[in-house]
Amino acid sequence: MENLFRLADQGNAFSSRCIWVNGPIIVGAGPSGLAAAACLREQGVPFLVLERADCVASLWQKRTYDRLKLHLPKQFCQLPKLPFPEEFPEYPTKRQFIQYLESYAKEFEINPQFNESVQSARYDQTSGFWRVKTVSSNGSNRNEVKLCMLVITSQGEKFKGKKVLVVGCGNSGMEVSLDLSNHNASPSMVVRSSVHVLPREIFGRSTFELATLMMQWLPLWLVDKLLLILAWFLLGNTAKYGLKRPTTGPLELKNTMGKTPVLDIGTLEKIRSGGIQVVPGIKRINRDQVEFVNGEKLDIDAILLATGYRSNVPSWLQESDFFAKNGYPKAPFPNGWKGKSGLYAVGFTKRGLSGASSDATKIAQDISKVWKEKTNKPKKRTTPGHRRCISIPAVLDFSL
């Protein structure tokens with residue numbers, strides 16, 4: 001943190017340092033954090049982005065499979081104020097999306113402080129500031145930051161000829177299973193509960209785009225029924241292959257539970273042809289064999305977990321009013337983006353990149369309003385400083 005951490009003492013390398021940050025801190029340089037930073041930049045509010053990894057969008061760069069593509073058309077996945085390049089396909093690849101995010105950071109002059117992991121963050125009622133403690137990845141420096149706002153934000157080829165158990169039947173589990181099958185592995189996919197499988201496109205149009213269009217004129221329950229009728233017409237009865245549908249419609253389930261329907265890109269055909277086996281929940285694993293809840297057993301060579309992810313915010317954020325124990329805001333959508341004492345959350349709505357973009361825009365506008373009231377400054381592009389701190393917010397990024 002070269003610019004902001006110039007107050008380092010000259011003593012023990014592990015001693016604490018206290019830095020005053022003149023503006024909000026954004027925890028995380030994923031798509032949500034970058035979106036929040038860009039919107040703040042356009043509002044003329046200085047900020048600091050902390051990222052525990054050594055790059056932007058580290059989950060995309062280091063924790064995703066190579067064949068990954070965006071599951072929605074690019075116009076529904078772009079971040080605020082910068083569309084995807086026209087030459088990008090409708091469903092950009094992993095590499096193209098990373099390229100877009102890196103260009104996004106450059107366009108809005110977002111320079112995260114990498115290798116800085118947040119250990120704790122708490123609001124000091126006495127001083128009116130947030131106190132954020134960080135540690136560098138090499139453990140050589142520990143810093144305490146006083147601020148006003150906080151914004152939180154496998155390869156198939158390797159398994160050729162092997163029997164692979166894929167645990168999870170969401171979009172990732174389905175796509176990993178497809179990749180394994182395409183590389184001549186023998187995947188078995190664990191399906192423990194019901195799941196909605198929809199075609200990625202319907203009559204040449206994105207299913208998501210079609211659903212969004214219909215919801216402008218029809219109630220959600222009717223759109224759900226129409227989507228399921230079209231899905232049955234195009235995909236058939238998925239229950240025959242072990243993929244039972246929930247009783248709640250796909251859009252209602254997404255809105256109420258945050259559970260995203262699977263957009264099929266070829267996995268269902270592989271299941272029909274026997275290239276991918278659907279198996280029930282796991283009872284126990286014994287070395288190279290797994291036993292399922294129905295008593296059947298299967299020899300396996302490898303296990304891949306596609307069971308999703310969870311927020312780690314409760315492990316370091318010292319407050320109990322805004323976030324629940326599961327790491328998500330307690331307030332339901334659309335009120336989960338703003339807490340008390342200048343605490344904001346970006347990308348926790350379970351509405352993908354479009355939801356994160358919406359959060360980022362609202363948060364930047366809210367922070368800017370407070371910022372301008374406190375500073376009475378005209379709008380201009382600025383950089384963060386540490387000489388004084390105006391009593392306004394902090395931002396948490398939650399994005400993949």
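The values are calculated or read from the model by the stated rules, or taken from the named source; none is laboratory data. Being a predicted model, the structure only gives us computed values, none of them experimental. Every residue, glycine as well, gets a Cβ built from its backbone with ideal geometry; the counts of neighbours run over all protein chains shown. Ligands, DNA and RNA are excluded from the accessible area calculation, which covers all protein heavy atoms including side chains. Shrake-Rupley method; radii C 1.70, N 1.55, O 1.52, S 1.80 Å.
Just to be sure I understand, how many residues within region 31-61 are under 22 Å from Phe76 (Cα atoms), open to solvent by less than 10 Å² (accessible area, probe 1.4 Å) and not aliphatic (A, V, I, L, M)?
Total satisfying the criteria: 4.
Out of the residues in region 201-223 meeting the condition of being in a strand (DSSP E or B) and of a type outside the set (S, T, N, Q), tell me which one is farthest from Gly236 (Cα to Cα).
This residue is Arg205.
Considering only region 288-321, state which residues are open to solvent by less than 70 Å² (accessible area, probe 1.4 Å) and of a type in the set (Asp, Glu).
Glu291, Glu319
If I go through region 201-239 residue by residue, how many of them are under 14 Å from Leu268 (Cβ atoms), surrounded by 14 or more Cβ atoms within 10 Å (Cβ to Cβ) and either out of contact with any strand residue (DSSP E or B) (no Cβ under 6 Å at 6 or more places or on another chain) or of a type outside the set (Val, Ile, Thr) (or both)?
4
Looking only at strands (runs of 3 or more DSSP E) that lie completely in region 241-354, which have at least 3 residues being over 23 Å from Gly170 (Cα atoms)?
In region 241-354, the matching strands (runs of 3 or more DSSP E) lie at 343-346.
Tally up the residues in region 177-200 that are under 14 Å from Gly266 (Cβ atoms) and part of a strand (DSSP E or B), please.
Counting residues in region 177-200 that are under 14 Å from Gly266 (Cβ atoms) and part of a strand (DSSP E or B) gives 5.
Mind checking which pairs have a first residue in region 354-366 that is of a type in the set (D, E, K, R) and a second that is open to solvent by 30 Å² or more (accessible area, probe 1.4 Å) and modelled with pLDDT under 95, Cβ under 9 Å, 6 or more apart or different chains?
Sorted first by the residue in region 354-366, then by its partner, the pairs are Asp359/Trp337; Asp359/Arg351; Lys362/Pro334; Lys362/Trp337; Lys362/Lys338; Asp366/Trp337; Asp366/Lys338.
For region 79-93, which positions are open to solvent by less than 40 Å² (accessible area, probe 1.4 Å) and under 20 Å from Glu201 (Cβ atoms)?
Scanning region 79-93 gives Phe84, Phe88, Tyr91, Pro92.
Filtering region 251-287 down to residues that are more than 31 Å from the chain's Cα centre (by Cα) and on the phi > 0 side of the Ramachandran plot, which residue is surrounded by the most Cβ atoms within 10 Å (Cβ to Cβ)?
Gly274
Applying the selection to region 322-338, what residues are touching a strand residue (DSSP E or B) at 6+ places or on another chain (Cβ under 9 Å) and exposed (fewer than 14 other Cβ atoms within 10 Å of the Cβ)?
Selection gives Asn335 alone.
May I ask you to list the residues in region 62-104 that are among the acidic types (Asp, Glu) and farther than 21 Å from Asp264 by Cα?
Glu86, Glu87, Glu102
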